[in-house]
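Below you'll find the structure, written out as structure tokens, and then a few comments.
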Amino acid sequence: MKVIQDSGQIEQTIRDLAGRILSENRGDTEIAAIGIRSRGEILAGRLSQELSKELGKVVPCGTLDITLYRDDLNSPEGAGQPVVRTTEIGFDINDKIIILVDDVLYTGRSTRAAMDALIDLGRPRAIRLAVLVDRVGREFPIQADYAGYKSDAAPGELVQVRFVESDGRDEVVIE
């Protein structure tokens, strides 16, 4: 196991992501963060707090469950029935710039599913993708608008993001 980001680096990366989001959306305060369940929701919450602090107003934050939008639901390799959890978005996404947040961008399949789910909920002005880790291996033509760390992890390696809220510590590791 190799630690590629510790808690201090993760904290700095989130500040950097927020700064880039604000600089590219200057003057546009209709921004909201929506995290892909489960680690994306934690990251979205932290990012929303940082954006709110910088803007001096609350940046809405929500959670998106993409289970029913995944393209591997009926896969023969599937492990039984999927667990569907709730989508929790307590605000109108119409005409907002939605910062879609996930922990790791790898194949692009989760992002594609998340965009389908978002479009079913409304018509945002734009959807921008923010990820903590962007790694090689894309299967869909999807790129992060805001990426904190670029990883060249080999196809057989696993990039794991751990957050104190769910795992007891903040770190990004390659296993």
Pairs with Cβ under 9 Å, 6+ apart, first in region 128-144 and farther than 18 Å from Glu24 by Cβ, second exposed (fewer than 15 other Cβ atoms within 10 Å of the Cβ) and among the basic types (Lys, Arg): Val133/Lys150; Arg135/Lys150; Val136/Lys150
Matching option when the condition is surrounded by fewer than 19 Cβ atoms within 10 Å (Cβ to Cβ) and either without any contact (Cβ under 8 Å) to a residue 12 or more places away in the chain or not polar (S, T, N, Q) (or both), among Arg39, Arg15: Arg15
Residues that are in contact (Cβ under 8 Å) with a residue 60 or more places away in the chain and under 17 Å from the mean Cα position of the chain (by Cα), drawn from region 161-172: Val161, Phe163, Val164, Glu165, Ser166, Asp170, Glu171, Val172
Where Tyr149 falls short, out of the listed (1) in contact with a Lys or Arg (Cβ under 6 Å, 6 or more places away or on another chain); (2) in contact (Cβ under 8 Å) with a residue 40 or more places away in the chain; (3) among the aromatic types (Phe, Trp, Tyr): (1)
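Against the condition polar (S, T, N, Q) and without any contact (Cβ under 8 Å) to a residue 24 or more places away in the chain, how does Thr86 come out, does it pass?
Values: polar (S, T, N, Q): yes; without any contact (Cβ under 8 Å) to a residue 24 or more places away in the chain: yes.
Taking the combined requirement at face value, the residue satisfies it.
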Test: residue in region 50-60 that is under 20 Å from Ser110 (Cβ atoms) and either modelled with pLDDT of 95 or more or among the aliphatic types (A, V, I, L, M) (or both): no
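Is there a residue in region 90-101 that is more than 21 Å from Phe163 (Cα to Cα), of a type in the set (Gly, Ala, Ser) and in a loop (DSSP other than H, G, I, E, B)?
Kept after step one, since they are more than 21 Å from Phe163 (Cα to Cα), are these residues of region 90-101: 90-98.
Still in the list and also of a type in the set (Gly, Ala, Ser): 90.
If we keep only those that are in a loop (DSSP other than H, G, I, E, B) as well, we get 90.
So far as region 90-101 goes, yes, one or more of its residues are more than 21 Å from Phe163 (Cα to Cα), of a type in the set (Gly, Ala, Ser) and in a loop (DSSP other than H, G, I, E, B).
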Condition broken by Val83, with the remaining ones in (1) modelled with pLDDT of 95 or more; (2) closer than 24 Å to Asp167 by Cβ satisfied: (1)
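Suppose the filter is touching a Ser or Thr at 6+ places or on another chain (Cβ under 9 Å), surrounded by fewer than 19 Cβ atoms within 10 Å (Cβ to Cβ) and either assigned to a helix (DSSP H, G or I) or polar (S, T, N, Q) (or both); does Gly8 pass it?
Values: touching a Ser or Thr at 6+ places or on another chain (Cβ under 9 Å): no; surrounded by fewer than 19 Cβ atoms within 10 Å (Cβ to Cβ): yes; either assigned to a helix (DSSP H, G or I) or polar (S, T, N, Q) (or both): yes.
No, not satisfied.
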The lone exception for Met115 - which of (1) among the aliphatic types (A, V, I, L, M); (2) more than 24 Å from Gly19 (Cβ to Cβ); (3) surrounded by fewer than 14 Cβ atoms within 10 Å (Cβ to Cβ) it fails: (3)
Candidate set: region 61-80, residues that are at pLDDT 80 or above and aliphatic (A, V, I, L, M); chosen: the one farthest from Asp134 (Cα to Cα): Leu68
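What strands (runs of 3 or more DSSP E), lying completely within region 126-175, carry at least 3 residues that are among the small types (Gly, Ala, Ser) and either surrounded by fewer than 19 Cβ atoms within 10 Å (Cβ to Cβ) or touching a strand residue (DSSP E or B) at 6+ places or on another chain (Cβ under 7 Å) (or both)?
Ranges flagged: 146-151.
The values are calculated or read from the model by the stated rules, or taken from the named source; none is laboratory data. Treat the numbers as computed from the prediction; the structure is a model and nothing was measured. When we count neighbours, we look across all protein chains shown, and the Cβ atoms used for this are built from the backbone with ideal geometry, even at glycine.
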